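Participant: Starting off with a structure, shown below.
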Amino acid sequence: MLHSLSLQAFCSYTPPTLKPHLSPSSKSPLYIKFNTTHHENLRYLKSIGVIDFNTKPHQLPSPDAITEMLTTINFFKSKGFKDTDFSRLTSIYPKLFSDNFDRTDIDPVFEFLATDLQASLEESRGFILNCPQILFSDVEYCLKPTLNYLRQLKIQKINVPSKLNAKILNTQVEKLRKRVKFLKSLGFSHKEAETFCARIPAIFGYSIENNLRPKIEYLLVQMERSTEELKEFPQYVGFSLEKRIMPRHLHLKQRNVQIKLNRMLMWSDQRFYAKWK
């Protein structure tokens, strides 16, 4: 499916050459009116973070450029975005509000979110704010294959616009599969590895070498536990090795106490250290 492509781990790509786009007018009260003065428009764009307050007068956009910015803002508002959202979008993709940005370039992403992901306007807005890079993701070669893979794993509530879901959705499917391959290298069956990932989808955001491998090696070598315990409690990989796993393991070891992983890690500090003084 992706063999002939050289996509990066994340799906976002460099936006295509921007094309001129004419400004449609709008009568909706939600949208910005264009019969305000140039000075009022500048003040508004500065107030929402699209234009930097410190921009020198000779560097300010032309009236035509301002019109295009307002048209783009109206486009986003028609998708449920608010004034408070634009500073984040501008900081990551300032070209979104350039005078020659073609809004049809990002239409496929909105269509994907609404149709394939079945996200509401508010949910789509949440995905984009949590991961603005998704606006320039390739729908056919990244977003759809990744969504299909996540559904194959039976991961629940994919359309909830959390930062985790947004990041995972915007990740190339081959990178997600590497977590399954890593678990299989530890002796998991293919089904066990997929079930493990489905129970803790955050694993798709963890580095194998800098996060997963050190934690699992510590479990197997220093704690002298088995992968069977890991299968029972996948949430183990979500805890900090330095701040949670190691201190609690050493605390129990000094007292010749061994308990299940969930009790060792899920309890609050107060409850844990009160129980095993």
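The values are calculated or read from the model by the stated rules, or taken from the named source; none is laboratory data. Predicted model only: the values in this text are computed from it and were never measured. Don't worry about glycine lacking a Cβ; one is built from the backbone with ideal geometry, like all the others, and counts go over all protein chains shown.
Participant: Identify all residues within the range 112-132 that are in a helix (DSSP H, G or I) and under 16 Å from the mean Cα position of the chain (by Cα); write none if there are none.
Facilitator: Matches in the range 112-132: Phe112, Leu113, Glu122, Glu123, Ser124, Arg125, Gly126, Phe127, Ile128, Leu129, Asn130, Pro132.
Participant: Limited to the range 229-277, what total is found for residues that are assigned to a loop (DSSP other than H, G, I, E, B) and under 20 Å from Glu209 (Cα atoms)?
Facilitator: Residues that pass the stated criteria total 2.
Participant: So if I check each of Leu135, Leu250, which one is hydrophobic (A, V, I, L, M, F, W, C) and more than 30 Å from Phe101 (Cβ to Cβ)?
Facilitator: None of the others qualify; the one that does is Leu250.
Participant: Looking for something more than 18 Å from Ala166 (Cβ to Cβ), under 19 Å from the mean Cα position of the chain (by Cα), surrounded by 15 or more Cβ atoms within 10 Å (Cβ to Cβ) and at pLDDT below 95 - is there at least one such residue anywhere in the range 89-109?
Facilitator: Looking through the range 89-109, at least one residue is more than 18 Å from Ala166 (Cβ to Cβ), under 19 Å from the mean Cα position of the chain (by Cα), surrounded by 15 or more Cβ atoms within 10 Å (Cβ to Cβ) and at pLDDT below 95.
Participant: Six or more apart or on different chains, Cβ under 9 Å: which pairs go from a residue in the range 80-97 that's closer than 19 Å to Pro61 by Cα to one that's exposed (fewer than 14 other Cβ atoms within 10 Å of the Cβ) and among the β-branched types (Val, Ile, Thr)? Could you list them?
Facilitator: none
Participant: For the range 145-167, enumerate the residues that are basic (Lys, Arg), within 21 Å of Thr195 (Cα to Cα) and not in a loop (DSSP other than H, G, I, E, B).
Facilitator: Listed by number, the residues that qualify are Arg151, Lys167.
Participant: Of the conditions (1) farther than 19 Å from Glu40 by Cβ; (2) β-branched (Val, Ile, Thr); (3) not in a helix (DSSP H, G or I), Thr55 satisfies every one except a single condition; which number is it?
Facilitator: Evaluating Thr55 over (1) farther than 19 Å from Glu40 by Cβ; (2) β-branched (Val, Ile, Thr); (3) not in a helix (DSSP H, G or I) leaves (1) as the failure.
Participant: Please determine whether any residue of the range 48-61 is exposed (fewer than 11 other Cβ atoms within 10 Å of the Cβ), over 30 Å from Ile208 (Cβ atoms) and at pLDDT 90 or above.
Facilitator: no
Participant: Restricting attention to the range 200-209, does a residue exist that is closer than 30 Å to Pro161 by Cα, in a loop (DSSP other than H, G, I, E, B) and free of Cβ contacts under 8 Å to residues at least 12 places away in the same chain?
Facilitator: Among the residues of the range 200-209, at least one is closer than 30 Å to Pro161 by Cα, in a loop (DSSP other than H, G, I, E, B) and free of Cβ contacts under 8 Å to residues at least 12 places away in the same chain, which makes the answer yes.
Participant: Related question: When you scan the range 70-98, how many residues do you find that are outside any helix (DSSP H, G or I) and farther than 15 Å from Ser124 by Cβ?
Facilitator: 2
Participant: Pull out all pairs, ordered by first then second residue, where Cβ-Cβ is under 7 Å, the residues are six or more apart or on different chains, the first lies in the range 110-131 and is farther than 17 Å from Thr171 by Cβ and crowded, with 20+ Cβ neighbours inside 10 Å, and the second is aliphatic (A, V, I, L, M) and at pLDDT 95 or above.
Facilitator: Going by the 7 Å Cβ cut-off, the qualifying pairs are Ala119/Leu113; Ser124/Leu113; Ser124/Ala114.
Participant: If we keep just the residues of the range 248-277 that are under 37 Å from the mean Cα position of the chain (by Cα) and over 18 Å from Phe233 (Cβ atoms), which is surrounded by the fewest Cβ atoms within 10 Å (Cβ to Cβ)?
Facilitator: Gln270
Participant: Now a separate question. From the residues in the range 141-162 that are out of contact with any Cys (no Cβ under 7 Å at 6 or more places or on another chain) and within 15 Å of Ile128 (Cβ to Cβ), which one is modelled with the lowest pLDDT? Break it down into steps so the answer makes sense when it comes.
Facilitator: Quick first cut of the range 141-162, residues out of contact with any Cys (no Cβ under 7 Å at 6 or more places or on another chain) only: 141, 144-152, 154-162.
From what's left, within 15 Å of Ile128 (Cβ to Cβ): 159-162.
Values: Asn159: 90, Val160: 94, Pro161: 95, Ser162: 95.
So the residue we want is Asn159.
One line per residue, one yes/no per condition, for (1) surrounded by fewer than 16 Cβ atoms within 10 Å (Cβ to Cβ); (2) under 22 Å from Glu111 (Cα atoms); (3) at pLDDT below 95:
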residue: Ala166; (1), (2), (3): no, yes, no
residue: Leu169; (1), (2), (3): no, yes, no
residue: Arg179; (1), (2), (3): no, no, no
residue: Phe182; (1), (2), (3): no, no, no
residue: Ser185; (1), (2), (3): yes, no, no
residue: Ser189; (1), (2), (3): yes, no, no
residue: Ala193; (1), (2), (3): no, no, no
residue: Cys197; (1), (2), (3): no, no, no
residue: Leu212; (1), (2), (3): no, no, no
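Participant: Here is a check on your reading of the model: is Ser226 surrounded by fewer than 16 Cβ atoms within 10 Å (Cβ to Cβ), hydroxyl-bearing (Ser, Thr, Tyr), touching a helix residue (DSSP H, G or I) at 6+ places or on another chain (Cβ under 9 Å) and more than 15 Å from Asn211 (Cα to Cα)?
Facilitator: Criteria met by Ser226.
Participant: Further question on the same structure: If I filter the range 236-245 for residues that are aliphatic (A, V, I, L, M), touching a Phe, Trp or Tyr at 6+ places or on another chain (Cβ under 7 Å) and over 21 Å from Ser189 (Cα atoms), do I get at least one hit?
Facilitator: Checking the range 236-245: at least one residue is aliphatic (A, V, I, L, M), touching a Phe, Trp or Tyr at 6+ places or on another chain (Cβ under 7 Å) and over 21 Å from Ser189 (Cα atoms).
Participant: Given the structure, is Arg125 at pLDDT below 95, within 29 Å of Ile158 (Cα to Cα) and among the basic types (Lys, Arg)?
Facilitator: Numbers: at pLDDT below 95: no; within 29 Å of Ile158 (Cα to Cα): yes; among the basic types (Lys, Arg): yes.
The answer is no for Arg125.
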